[in-house]
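Have a look at the structure below, then the notes.
The values are calculated or read from the model by the stated rules, or taken from the named source; none is laboratory data. Values in this document were obtained by computation on a predicted structure and should not be read as measured data. Methodologically, a virtual Cβ is constructed for each residue, glycine included, from the backbone with ideal geometry; neighbour enumeration extends over all protein chains shown.
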Amino acid sequence: MNNFNQHVAEGNTTKTLSGSAYTDPEVFEKERRFLFRTLPVMAVPSCHLEKKGSYTVTDIAKESIITVRGKDGTIRALANSCRHRGKRLLQGNNLGGTEKISNLKSIVCPYHGWNYKLDGALAHARGDEAGLLKGLCLRKLQVHEAGGLTFYNKTNENVLHLNALDKALGLLCLSEGKVSATKQYDVKANWKLWTENFLECWHCASSHPELSENKGFITQFENGNEDVYVSDDIKWRIQAQKKGWITPEDADLEMDKAMFSFNVSLPLGKGNLTASKNGKRLGPAFNGAAGFEGGAIFGCLGPFLFYMAYVDYVILFCVRPIAVEQTKVDVFWITAKDFEGSTEDLTWLWNTTLKQDIKLVEESQQGVSSLYYTPGPFQADEYRTQAFVEWWKNWFHK
Ligand code: FES
Ligand SMILES: [Fe+2]
């Protein structure tokens with residue numbers, strides 16, 4: 001039993017956050033200044049940055065970061081702010097779908113034409129005839145690659161959690177895959193409501209009929225049939241192992257002051273092979289992962305990245321806080337490179353589920369904004385959400 005489960009077992013029942021945590025611009029400003037930049041942010045799946053000059057732009061609060069593969073093959077993360085008078089250099093709409101891969105040669109500021117190399121160094125500054133600005137560079141952040149995904153953050157903290165993600169997703173060799181679909185969702189709610197919602201599936205049976213149809217365990221738990229789940233789980237793991245799939249060890253909620261993460265493998269049940277309308281495969285298995293059929297890996301890395309992995313696709317949910325009551329969720333569907341299936345089929349289940357979640361989270365924002373809202377008690381199945389709330393409170397009050 002980890003520390004948190006021990007804590008709950010001892011009867012500690014933290015309540016939900018007060019309304020101001022979701023509505024007060026000063027709270028958001030504190031998060032922007034002192035929390036967001038300490039967390040690793042998943043910019044884009046690394047396969048999107050395969051070619052030199054390919055890039056993406058990620059916006060969180062007022063920060064905009066360019067992640068780009070340079071001419072020397074190195075991936076760098078650069079602050080998207082000109083060193084002259086600060087103008088945004090590239091616009092943040094390049095999520096990384098198949099058609100959107102760009103071949104950037106250099107970064108030119110549209111305002112007065114200063115020109116930066118892809119490693120961030122100022123190559124040419126109009127007006128600097130004496131060459132006094134030589135050596136000026138776009139601000140650089142740290143870059144990490146784990147599990148086929150590219151992350152940036154301001155510091156080098158939290159590498160341990162990246163290792164856990166690397167172990168869980170590394171088996172699927174996502175860097176050899178491709179981004180087959182992307183979508184950006186606008187959510188009129190504070191980012192923490194989104195994260196809280198994604199950390200529990202207690203709402204799934206009543207709010208996500210399509211997802212519950214696909215994932216047998218949701219209804220098995222709801223109906224008190226844990227024994228069916230346990231038998232599905234054993235059967236699936238034996239089958240998977242026979243076909244050479246060794247599920248990564250579960251780590252349900254590793255938490256420290258700076259970060260948290262979890263990774264769990266589970267059977268889909270009901271004979272479903274993947275997360276699709278009829279449970280059938282949508283495309284080829286990831287390299288070496290045919291034995292993973294019928295199962296899923298569910299995990300998160302801190303409050304900003306959630307993922308579900310199946311035999312033929314991995315979906316990433318990236319939480320991007322924009323303002324106190326506005327969040328964007330960037331979603332990536334990664335498949336094997338030779339996937340030729342329909343994007344509509346690929347995105348159907350989670351697009352449907354996400355729209356249901358957006359409604360729930362936006363209506364929660366409305367509720368917590370009421371003067372009649374008071375913090376409520378968590379229940380047992382919300383243990384991850386409760387842990388997140390405690391983690392956030394510890395950060396906020398330290
Ligand atoms: S602000 Fe970029 S060149 Fe002037
Ligand atoms: Fe949900």
What single numbered condition from (1) part of a loop (DSSP other than H, G, I, E, B); (2) away from ligand 1 (no atom under 16 Å from the Cβ) fails to hold for Arg126? (2)
Single condition Thr195 does not satisfy, out of (1) β-branched (Val, Ile, Thr); (2) under 19 Å from Gly294 (Cα atoms); (3) modelled with pLDDT of 90 or more: (2)
Within segment 156-168, is there a residue that is surrounded by fewer than 20 Cβ atoms within 10 Å (Cβ to Cβ), modelled with pLDDT of 90 or more and either under 20 Å from Ala296 (Cβ atoms) or within 16 Å of ligand 1 (Cβ to nearest atom) (or both)? yes
Residue hits (segment 322-353; within 27 Å of Val27 (Cβ to Cβ) and over 12 Å from the mean Cα position of the chain (by Cα)) are Ile322, Ala323, Val324, Glu325, Gln326, Thr327
Mind telling me which of the residues Val179, Val159 ends up being within 23 Å of the chain's Cα centre (by Cα) and over 23 Å from Ile315 (Cβ atoms)? Val159
Among Thr374, Thr335, which is under 25 Å from Pro45 (Cβ atoms) and outside the structural domain of Gly148 (by TED's automatic domain parsing)? Thr335
Report, by residue number, each residue of segment 317-370 that is among the hydroxyl-bearing types (Ser, Thr, Tyr) and either farther than 27 Å from Lys280 by Cα or touching a Cys at 6+ places or on another chain (Cβ under 7 Å) (or both). Thr327, Ser364, Ser369, Ser370
Looking at this structure, is Asn263 within 14 Å of ligand 2 (Cβ to nearest atom) and not basic (Lys, Arg)? no
Return the only residue of Gly295, Gly216 being buried (at least 16 other Cβ atoms within 10 Å of the Cβ) and modelled with pLDDT of 90 or more. Gly295
Consider Glu226 against the criteria (1) crowded, with 19+ Cβ neighbours inside 10 Å; (2) over 25 Å from the mean Cα position of the chain (by Cα); (3) of a type in the set (D, E, K, R): it satisfies all of them except one. Which criterion is unmet? (1)
Filter segment 298-349 down to residues that are of a type in the set (Phe, Trp, Tyr) and in a loop (DSSP other than H, G, I, E, B) and give me whichever is surrounded by the most Cβ atoms within 10 Å (Cβ to Cβ). Tyr310
Would you please list the contacts, defined by Cβ atoms under 6 Å and residues six or more apart or on different chains, that run from a residue in segment 219-243 that is under 18 Å from Asn272 (Cα atoms) to a residue that is aromatic (Phe, Trp, Tyr)? Gln220/Tyr229; Tyr229/Phe217
Every residue from segment 361-371 that is of a type outside the set (Gly, Ala, Ser), in a helix (DSSP H, G or I) and either within 16 Å of ligand 1 (Cβ to nearest atom) or surrounded by fewer than 16 Cβ atoms within 10 Å (Cβ to Cβ) (or both): Glu363, Gln366
Could you tell me which residue of segment 196-233 is farthest from ligand 2 (Cβ to nearest atom), considering only residues that are of a type in the set (S, T, N, Q) and closer than 20 Å to Ser265 by Cα? Ser231
Tell me whether segment 167-182 contains one or more residues that are assigned by TED's automatic domain parsing to the domain that holds Leu354, within 16 Å of ligand 2 (Cβ to nearest atom), within 27 Å of Leu149 (Cα to Cα) and in a loop (DSSP other than H, G, I, E, B). no
